[in-house]
Amino acid sequence: MLKKSLSLLLVLALLLPFLAIAEDTVSFTDSTGRTVQLPKNIERIAPTGPLAQIVLLSIAPEKFVGLSSRLDDISRPYIDSLVKDLPLVGQLYGGKDEVNAEELARLDPQLILDVGEPKKTIKEDMDALQEQLGIPCVHITMFFKDAGSAYQQLGELLGKEEKGDALAAYLDNSYARMLEINEKIGDKRVSMLYCVGEAGLNVIAKGSFHGEMIDLLADNAAVVDSPSSRGSGNEVDMEQILLWNPDVIVFETLAAYQNAEKDPLWSSLTAIQNKKYAKAPVGPYNWMGFPPSVQRYLGLMWLQKVLYPEFADFDLKAEVQEYFRLFYDFQLSDSQYDELLAYSQM
């Protein structure tokens, strides 16, 4: 009997480490259908790239161990307090640079998170990344139209349910209001071009990945044979822009915006003559969606006010200030708001 008891105790002693591991982990099924073993309490995460970084900074900045991309001079004032002196890890998925595995091991993240619209190979890509890094990797799908549901998933995953629900409610309400305004507008959609680059001779085409928000709100005049999926859009010439001759033009860069009235060809366009042109607001990121992440909801509200002021009867300043408070824990002053929209009014 004594021998049996000793044997049982020995078996339990050998199993205890494995039982502890099992108790401290949970199974999580991500948006790809992959089941991954994760720590019960996740305190250290790393984003796969810029898109994931934008989303995750808004819900769990205190859990970051490193950044996928550096903050530039425009974004830093708004979110510097969230990241402080975090090191640069680099883009872990979808980038051209090799992963700094040594630095990543030093930072010891418990989870690598990818957030955004999935590639066709996302499941295989996440498996490969997890095998390469030896760290659990999870993808949470976020489409523009239902971004709120992604925040709810992230809230549950990261133990930030209250924050996730608050962000989700804001986005869901904004999208629902957009649909209501669209219904009022009916077939009276404004013809619009979004011109990117210093010369303004690249356009975000109708039906393109980056043109999703424009297509939701306006009659995108940039109809091309092969819409580019890149943020740089499709290159066109001035002759084509003159043929499109849209009601409204939004420029990505200040240089293109300021050139509009000086250049005889640009100034011959209806939109320029009627003062129906603006520069896309930027802060912390481009509101038109470069990169195309959750800040597009700022662009959604701004464009509604620009294109349809008679239907968009909400207080844009109040909405933008609420967004900054919720997503960046930043109290945007009236003067900062005015600075953000300095070239963005018509």
Pairs needed: first member in the range 274-298, more than 21 Å from Ser333 (Cα to Cα) and touching a residue at least 40 places away in the same chain (Cβ under 8 Å); second member anywhere, part of a loop (DSSP other than H, G, I, E, B) and β-branched (Val, Ile, Thr); C-beta distance under 8 Å; at least 6 residues apart or different chains.
Met288/Ile204
Here are some residues: Gln153, Gln91, Gln130, Gln110. Which one is within 22 Å of His210 (Cα to Cα) and surrounded by 14 or more Cβ atoms within 10 Å (Cβ to Cβ)?
Gln91
Of the residues Asn173, Asn202, which is over 15 Å from the mean Cα position of the chain (by Cα), crowded, with 17+ Cβ neighbours inside 10 Å and not aromatic (Phe, Trp, Tyr)?
Asn202
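For Ser228, are the conditions met, namely being out of contact with any Leu (no Cβ under 9 Å at 6 or more places or on another chain), more than 19 Å from Asn274 (Cα to Cα), surrounded by 16 or more Cβ atoms within 10 Å (Cβ to Cβ) and touching a residue at least 12 places away in the same chain (Cβ under 8 Å)? Outline the logic, then answer.
Numbers: out of contact with any Leu (no Cβ under 9 Å at 6 or more places or on another chain): yes; more than 19 Å from Asn274 (Cα to Cα): yes; surrounded by 16 or more Cβ atoms within 10 Å (Cβ to Cβ): yes; touching a residue at least 12 places away in the same chain (Cβ under 8 Å): yes.
Yes.
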Being closer than 19 Å to Gly289 by Cβ and not in a helix (DSSP H, G or I) is true for just one of Leu167, Leu171, Leu193. Which residue is that?
Leu193
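This table checks each residue for (1) at pLDDT 90 or above; (2) within 26 Å of Tyr323 (Cβ to Cβ).
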site	(1), (2)
Arg70	no, yes
Lys84	no, yes
Gly94	no, no
Leu104	no, no
Asp108	yes, no
Glu124	yes, no
Pro136	yes, no
His139	yes, yes
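Residue-by-condition table, conditions (1) part of a helix (DSSP H, G or I); (2) over 18 Å from Leu254 (Cα atoms); (3) of a type outside the set (Val, Ile, Thr); (4) not assigned by TED's automatic domain parsing to the domain that holds Ala166:
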| position | (1), (2), (3), (4) |
| --- | --- |
| Phe311 | no, yes, yes, yes |
| Phe314 | no, yes, yes, yes |
| Val320 | yes, yes, no, yes |
| Tyr323 | yes, yes, yes, yes |
| Phe327 | yes, yes, yes, yes |
| Ser335 | yes, yes, yes, yes |
| Met346 | no, no, yes, yes |
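The values are calculated or read from the model by the stated rules, or taken from the named source; none is laboratory data. All of these numbers come straight from a predicted model, not from anything done at the bench. As a convention, Cβ positions derive from the backbone with ideal geometry for all residues, glycine included, and neighbour counts pool all protein chains shown.
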